[in-house]
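Scroll down for the structure; my scribbles are underneath it.
The values are calculated or read from the model by the stated rules, or taken from the named source; none is laboratory data. As the structure is a prediction and not an experimental result, all values here were calculated from the model. Neighbour counts are summed over all protein chains in view; Cβ atoms, including those assigned to glycine, are modelled from backbone coordinates with ideal geometry. Areas reflect the complete protein model, heavy atoms only, side chains present, ligands, DNA and RNA absent. Shrake-Rupley method; radii C 1.70, N 1.55, O 1.52, S 1.80 Å.
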Amino acid sequence: MSFSVVVPARYASERLPGKALADLAGKPMVLRVAERCLLSAAGQVWVATDDQRIADAVGERCPVVMTRPDHPSGTDRLQEVVTQLGLADDDILVNVQGDEPLIPPEVINQVAENLAANPDCQMATLCEPITAAGDLFSADICKVVFDNRGRALYFSRAPIPWDRTAFARDRERLGDGQWWRHIGIYAYRAGFLHQFVNWPPAPLEKLESLEQLRALANGAAIHVAPACKDVPGGVDTPEDLERMRVLLRGGAHD
């Protein structure tokens with residue numbers, strides 16, 4: 001099983017402009033992400049960006065694909081990479097977000113392997129348990145429910161599933177093993193990306209601001225599995241950036 005990794009990275013982040021170039025223990029964040037990806041079993045890793053500053057920051061460490069500046073999402077940028085490189089429809093690509101500087105390489109391998117092992121799925125992604133009520137009820141954390149075969153049933157910012165009996169008494173205590181946080185890493189077959197970008201945004205996608213709901217709305221199957229290793233999380237806010245700097249100072253990159 002072979003696969004490639006693409007790291008979409010843009011400069012104009014809404015909540016933290018320029019975060020792809022934010023310094024993390026002497027290296028720009030996008031370079032740290034690329035280096036984690038290079039530790040995976042991927043046959044090739046590319047950074048996809050529309051900004052020369054990001055391309056310069058990556059330097060010779062990882063190849064860069066320059067893309068258009070008008071992409072509405074990282075998935076659209078990924079599809080342009082597929083087109084530029086002329087990848088075959090059955091090639092597997094893993095989309096690693098450019099704000100995950102501590103993404104475990106084992107997790108990258110896992111999501112690619114899961115897609116390869118499930119030919120009836122067009123996408124694969126990962127999740128991790130939610131154990132704190134504050135996370136379950138936070139609209140900033142995407143939740144996922146899936147069936148016995150590991151196929152996604154729904155993604156939501158709302159607390160799903162809803163424990164009707166327990167939550168009527170106490171919303172601060174969670175039972176065991178019922179709630180899952182979606183981890184924003186995806187594996188795709190290259191041909192599926194050409195379909196995806198030609199579908200209009202789905203009503204549920206626009207309502208929840210969750211792009212993966214477009215795939216479900218159009219009948220695509222998304223494989224979901226618990227991540228094989230803890231994922232420290234990405235960088236969306238100045239607080240996240242400082243947390244990541246603390247982790248790196250503590251040797252989390254070793």
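Taking the Cα atoms of the range 157-224 alone, what are Rg (to one decimal) and Dmax (as a whole number) in Å?
Rg then Dmax for the range 157-224, in Å: 15.7, 48.
Of Ile160, Ile54, which has the most accessible area and how do the rest follow, probe 1.4 Å?
Ile160, Ile54
Please report Rg (one decimal) and Dmax (integer) in Å for the Cα set of the range 59-106.
Reported Rg and Dmax, both Å: 12.2, 32.
Would you be so kind as to identify which of Ala132, Ala220, Ala48 lies farthest towards the positive end of the dipole of the chain, taking Lys and Arg as +1 and Asp and Glu as -1 on Cβ and the Cα centre as origin?
In the chain, that residue is Ala132.
Determine by what factor the alpha-carbon radius of gyration of the range 117-157 differs from 2.2 N^0.38 Å, reporting the quotient.
1.34
Take the Cα pairs of the range 17-124, get the Kirkwood Rh, then feed it into Stokes-Einstein at 4 °C and 1.567 mPa s and tell me D in µm²/s.
Answer from the Stokes-Einstein relation: 89 µm²/s.
Averaged per residue, what accessible area in Å² does the chain show with a 1.4 Å probe, protein chains only?
Counting only protein heavy atoms, the per-residue value for the chain is 47 Å².
Taking 0.36 nm per residue of sequence separation and subtracting the Cα-Cα distance, how much length would be gained by fully extending the chain between Glu239 and Gln84, in nm to one decimal?
This chain segment gains 52.2 nm when fully extended.
Over the alpha-carbon set of the range 103-180, work out the extent along each principal axis and list the three values in angstrom, largest first.
43, 26, 21
Taking Lys19 as the anchor, which lysines have their alpha carbon closer than 19 Å to its alpha carbon, excluding any fewer than eight residues away along the same chain?
Lys27
Only four residue types carry charge here, +1 at the Cβ of Lys and Arg and -1 at the Cβ of Asp and Glu. Report the dipole size of the chain about the Cα centre in Debye, rounded to the nearest 20.
In total the dipole reaches around 300 debye.
Looking only at the range 170-203, which residues have a backbone nitrogen under 18 Å from a spot 7 Å from the Cα of Gln44 in the C-beta direction?
187-194
Could you tell me the accessible area of Thr165 in Å² (1.4 Å probe, neighbours in place), rounded to the nearest ten?
Thr165 has an accessible surface of roughly 90 Å² with all protein chains in place.
Roughly how many Å² of Ser2 are accessible to a 1.4 Å probe, to the nearest 10?
Looks like 100 Å² after rounding.
Go through Arg151, Arg10, Arg173, Arg181 and list them by solvent-accessible area, largest first, probe radius 1.4 Å.
Arg173, Arg10, Arg181, Arg151
What number, in nm² with one decimal, is the all-direction average of the projected area of the convex hull of the alpha-carbon atoms of the range 97-254?
Mean shadow area of the hull around the Cα atoms is 10.7 nm².
Can you find, among Gln195, Pro63, Ser209, the residue sitting farthest towards the positive end of the charge dipole of the chain, where Lys and Arg contribute +1 and Asp and Glu -1 at Cβ?
My answer, from the dipole projection, is Ser209.
Accessible surface of Glu128 in the full protein assembly, 1.4 angstrom probe, to the nearest 10 Å²?
40
If you count the DSSP beta bridges with both ends in the range 1-120, what percent of them are antiparallel, to the nearest 5?
Bridges in the range 1-120 are about 15 percent antiparallel.
Tell me, what is the FRET efficiency for Asp120 and Arg61 to the nearest 0.05, using R0 = 41 angstrom and their Cβ-Cβ distance as r?
Plugging the Cβ-Cβ distance into 1/(1 + (r/R0)^6) gives 0.65.
Counting only DSSP beta bridges with both residues in the chain, tell me the antiparallel percent, nearest 5.
55
With charges only on Cβ, +1 for K and R and -1 for D and E, what is the dipole size of the range 128-249 about its Cα centre, in debye, rounded to 20?
The calculation lands at about 300 debye.
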